[in-house]
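These notes are about the structure you will find just below.
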Amino acid sequence: MDFLVARYGEFVLLKPRLKSHTLLLWLLPPLALLGGGLALWMHNRRRTQAGGDETSFKLSADEEARLERLIAAEPPPEKPVYSL
């Protein structure tokens, strides 16, 4: 174990000793989790303030008419025939 630490540094240990040069190893995972949680919270807050999902995906009258024409022109799907 001492050979590995001497050769590669404290970074090869599963639980490196808490020293000034290993402080980044100890602080980076909790900071990354906090940053990710903060980003998710801010994203959710912006979506809520913007009006939610239904206003961001509302179709215009022209788009709804075009969609109805496309649906009416599409033939019904055929039932698949399964053979064993």
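The values are calculated or read from the model by the stated rules, or taken from the named source; none is laboratory data. This structure is a prediction, so every number in the text was calculated from the model and none was measured. When we count neighbours, we look across all protein chains shown, and the Cβ atoms used for this are built from the backbone with ideal geometry, even at glycine. Only protein heavy atoms, including side chains, enter the accessible area calculation; ligands, DNA and RNA are left aside. Shrake-Rupley method; radii C 1.70, N 1.55, O 1.52, S 1.80 Å.
Just to be sure before I move on: is ARG45 surrounded by 10 or more Cβ atoms within 10 Å (Cβ to Cβ) and outside any helix (DSSP H, G or I) in the structure I sent?
no
Only one of these is outside any loop (DSSP other than H, G, I, E, B) and open to solvent by less than 100 Å² (accessible area, probe 1.4 Å): LEU40, LEU59, LEU67, LEU33. Name it.
LEU67
Which of the residues belonging to the stretch 17-52 are closer than 17 Å to VAL5 by Cβ and among the small types (Gly, Ala, Ser)?
Residue satisfying the conditions is SER20 alone.
Out of the residues in the stretch 1-29 that are modelled with pLDDT of 80 or more and assigned to a loop (DSSP other than H, G, I, E, B), state the one that is surrounded by the most Cβ atoms within 10 Å (Cβ to Cβ).
Of everything passing the filter in the stretch 1-29, GLY9 is surrounded by the most Cβ atoms within 10 Å (Cβ to Cβ).
Which pairs turn up if I take residues in the stretch 12-34 that are on the phi < 0 side of the Ramachandran plot and look for partners that are modelled with pLDDT under 95 and polar (S, T, N, Q) with beta carbon separation below 7 Å, at least 6 apart in sequence or on another chain?
Within 7 Å, the pairs are PRO16/THR22.
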